[in-house]
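Trainee: Structure provided below as structure tokens; questions to follow.
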Amino acid sequence: MTHSMLFDAHLCTGCRGCQVACKQWNDLEANTTKNTGSYQNPPRLSANTWLTMRFKEIEEGDKVKFVFGRYSCMHCEEPACATACPLQALHKTKDGPVLYRADRCFGCRYCMLACPFEVPTFEWSQNEVQGPWIRKCTFCYDRLQNGREPACAQTCVSGALKYGEREELLAYAKERIAKYPDIYQQHVYGEEEAGGTSVLYISHVPFEHLGLPTKLGNKAVSARAQDAMFATPIAAVGLAAGLTGFYWVVKRRREMAQKSGSKDQRG
Ligand code: SF4
Ligand code: SF4
Ligand code: SF4
């Protein structure tokens, strides 16, 4: 089975139950935020926020209405983050989720630069041996392995977030947009964007209103990311130096992980 999710923006009520469920299941601390006049809170992803709902106001005639966009890892079919990582600390599992192995990471942050969806975040609060760690949605891989659905999908009472097999969700999404052509954009976002993603979207408003990049094209971003990284001599030299200089960090982390249990997301 290839694990996937479908977000239906038309059905989302913006309740943010999914956001809370993600924090709760993954034991992520609350962030201190400021009121900036927007309901979107937290405003962005961080080491402690792996899913946040985007709130956007749009004008419709003489009315203003909210639309809500789910913002988290897309679990790309050919993830740029994994291709950019020199040590394969991020990898695509054969059943869908893109996972992170902390004991391979040396903190170069190429994955953050490469991701077309601006998802991976950096755990600045940790020291250089215990951290820094890259943090992002795990697709609740620990739950999947025990036959449970992701916490965010399970908690969504409006039916906006559905979990299932990718081909089945694609078929369901296409059936739904065909059935309600007056409501939905006639496109399933993620079927092909950036080579395809495991998180799919349908929407009643243009996808850019959900905060999704709409100019990515259908080619996997991974190839472009690697080309860019290694075409630059400075990056290549920096990488070589980094690999040497940070080897001890990786080694030390492995020793520490063995002693105290690790933050790996293995698959
Ligand atoms: S729980 Fe469902 S309805 Fe509520 S914000 Fe999340 S996706 Fe939208
Ligand atoms: S959305 Fe970004 S972090 Fe997630 S799998 Fe794709 S490239 Fe990697
Ligand atoms: S799949 Fe799990 S880790 Fe990812 S956003 Fe949903 S609850 Fe959070």
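The values are calculated or read from the model by the stated rules, or taken from the named source; none is laboratory data. Worth saying up front: this structure is predicted, and the values here are computed from it rather than measured. Cβ coordinates were reconstructed from backbone atoms using ideal geometry, including for glycine residues, and neighbour counts include every protein chain displayed.
Okay, residues lined up against (1) of a type in the set (S, T, N, Q); (2) free of Cβ contacts under 8 Å to residues at least 60 places away in the same chain:
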| residue | (1), (2) |
| --- | --- |
| LYS162 | no, no |
| GLU165 | no, no |
| ALA171 | no, yes |
| ILE177 | no, yes |
| ASP182 | no, yes |
| TYR189 | no, yes |
| GLU192 | no, yes |
| GLY195 | no, no |
| SER198 | yes, no |
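Trainee: Going through the range 1-52 one residue at a time, which ones are within 16 Å of ligand 2 (Cβ to nearest atom) and part of a loop (DSSP other than H, G, I, E, B)?
Mentor: Within the range 1-52, THR2, ARG44, LEU45, ALA47, TRP50, LEU51 qualify.
Trainee: What number of residues within the range 8-47 satisfy the criterion of being touching a residue at least 40 places away in the same chain (Cβ under 8 Å) and more than 10 Å from ligand 1 (Cβ to nearest atom)?
Mentor: Initially, the range 8-47 is screened for residues touching a residue at least 40 places away in the same chain (Cβ under 8 Å), giving 8-15, 17-22, 24-26, 45-47.
Narrowing further to those that are more than 10 Å from ligand 1 (Cβ to nearest atom): 10, 24-26, 45-47.
Here the count works out to 7.
Trainee: Check the range 61-76 and report whether any residue there is aliphatic (A, V, I, L, M), away from ligand 2 (no atom under 13 Å from the Cβ) and over 20 Å from the mean Cα position of the chain (by Cα).
Mentor: The first filter runs over the range 61-76 and keeps only residues aliphatic (A, V, I, L, M), leaving 64, 67, 74.
Keeping just the survivors that are away from ligand 2 (no atom under 13 Å from the Cβ) gives 64, 67.
Subset that is over 20 Å from the mean Cα position of the chain (by Cα): 64.
Yes, some residue in the range 61-76 is aliphatic (A, V, I, L, M), away from ligand 2 (no atom under 13 Å from the Cβ) and over 20 Å from the mean Cα position of the chain (by Cα).
Trainee: Only one residue in ILE183, ILE177 is touching a strand residue (DSSP E or B) at 6+ places or on another chain (Cβ under 9 Å) and not in a strand (DSSP E or B), so which one is that? Talk me through it step by step, then tell me what you get.
Mentor: On the way: ILE183 fails: touching a strand residue (DSSP E or B) at 6+ places or on another chain (Cβ under 9 Å).
Residue meeting the stated conditions: ILE177.
Trainee: Continuing with this model, one more query. Of everything in the range 1-19 that's more than 16 Å from CYS73 (Cα to Cα) and surrounded by fewer than 20 Cβ atoms within 10 Å (Cβ to Cβ), which residue is farthest from ligand 3 (Cβ to nearest atom)?
Mentor: So, considering only residues that are more than 16 Å from CYS73 (Cα to Cα) and surrounded by fewer than 20 Cβ atoms within 10 Å (Cβ to Cβ), the one farthest from ligand 3 (Cβ to nearest atom) is HIS10.
Trainee: Something else now. If you check ARG70, ARG104, which single one turns out to be charged (D, E, K, R), touching a Cys at 6+ places or on another chain (Cβ under 9 Å), closer than 22 Å to TYR172 by Cβ and touching a residue at least 60 places away in the same chain (Cβ under 8 Å)? Walk me through how you get there before you give the answer.
Mentor: Numbers: ARG104 fails: closer than 22 Å to TYR172 by Cβ.
Sole residue among the options that is charged (D, E, K, R), touching a Cys at 6+ places or on another chain (Cβ under 9 Å), closer than 22 Å to TYR172 by Cβ and touching a residue at least 60 places away in the same chain (Cβ under 8 Å): ARG70.
Trainee: So which residues in the range 54-76 are among the charged types (D, E, K, R) and assigned to a strand (DSSP E or B), if there are any at all? Quick ask: steps written out before the conclusion?
Mentor: Residues of the range 54-76 among the charged types (D, E, K, R): 54, 56-57, 59-60, 62-63, 65, 70.
If the condition is that a residue be among the charged types (D, E, K, R) and assigned to a strand (DSSP E or B), then ARG54, LYS56, GLU57, GLU59, GLU60, LYS63, LYS65, ARG70 are the ones that fit.
Trainee: Let me ask something else about it. What residue, among those in the range 53-67 that are without any contact (Cβ under 8 Å) to a residue 60 or more places away in the chain and in contact with a strand residue (DSSP E or B) (Cβ under 7 Å, 6 or more places away or on another chain), is surrounded by the fewest Cβ atoms within 10 Å (Cβ to Cβ)?
Mentor: Taking the range 53-67 and keeping what is without any contact (Cβ under 8 Å) to a residue 60 or more places away in the chain, we get 53, 55, 57, 59-66.
Those left that are additionally in contact with a strand residue (DSSP E or B) (Cβ under 7 Å, 6 or more places away or on another chain): 53, 55, 57, 64-66.
Details: MET53: 22, PHE55: 17, GLU57: 11, VAL64: 9, LYS65: 11, PHE66: 12.
This residue is VAL64.
Trainee: Restricting attention to the range 77-88, does a residue exist that is farther than 30 Å from ILE183 by Cα, in contact with a helix residue (DSSP H, G or I) (Cβ under 9 Å, 6 or more places away or on another chain), assigned to a loop (DSSP other than H, G, I, E, B) and among the polar types (S, T, N, Q)? Talk me through it step by step, then tell me what you get.
Mentor: Applying the first criterion (farther than 30 Å from ILE183 by Cα) to the range 77-88 yields 78-88.
If we keep only those that are in contact with a helix residue (DSSP H, G or I) (Cβ under 9 Å, 6 or more places away or on another chain) as well, we get 78-88.
Now narrow it down to the ones that are assigned to a loop (DSSP other than H, G, I, E, B): 78-79, 85-88.
In the following step, the residues that additionally are among the polar types (S, T, N, Q) were identified as 88.
Within the range 77-88, one or more residues are farther than 30 Å from ILE183 by Cα, in contact with a helix residue (DSSP H, G or I) (Cβ under 9 Å, 6 or more places away or on another chain), assigned to a loop (DSSP other than H, G, I, E, B) and among the polar types (S, T, N, Q).
Quick grid of which residues meet (1) part of a helix (DSSP H, G or I); (2) at pLDDT 95 or above; (3) touching a Ser or Thr at 6+ places or on another chain (Cβ under 6 Å); (4) away from ligand 1 (no atom under 16 Å from the Cβ):
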site: CYS108; (1), (2), (3), (4): no, no, no, yes
site: CYS111; (1), (2), (3), (4): yes, yes, no, yes
site: SER125; (1), (2), (3), (4): no, no, no, yes
site: VAL129; (1), (2), (3), (4): no, no, no, yes
site: CYS137; (1), (2), (3), (4): no, yes, yes, no
site: ASN146; (1), (2), (3), (4): no, yes, no, yes
site: GLN154; (1), (2), (3), (4): yes, yes, no, no
site: GLY159; (1), (2), (3), (4): no, yes, no, no
site: LYS162; (1), (2), (3), (4): no, yes, no, no
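Trainee: Can you name the number of the only condition in (1) modelled with pLDDT of 95 or more; (2) of a type in the set (A, V, I, L, M, F, W, C); (3) farther than 17 Å from ALA47 by Cβ that LEU87 fails?
Mentor: Looking at each condition in turn, LEU87 falls short on (1).
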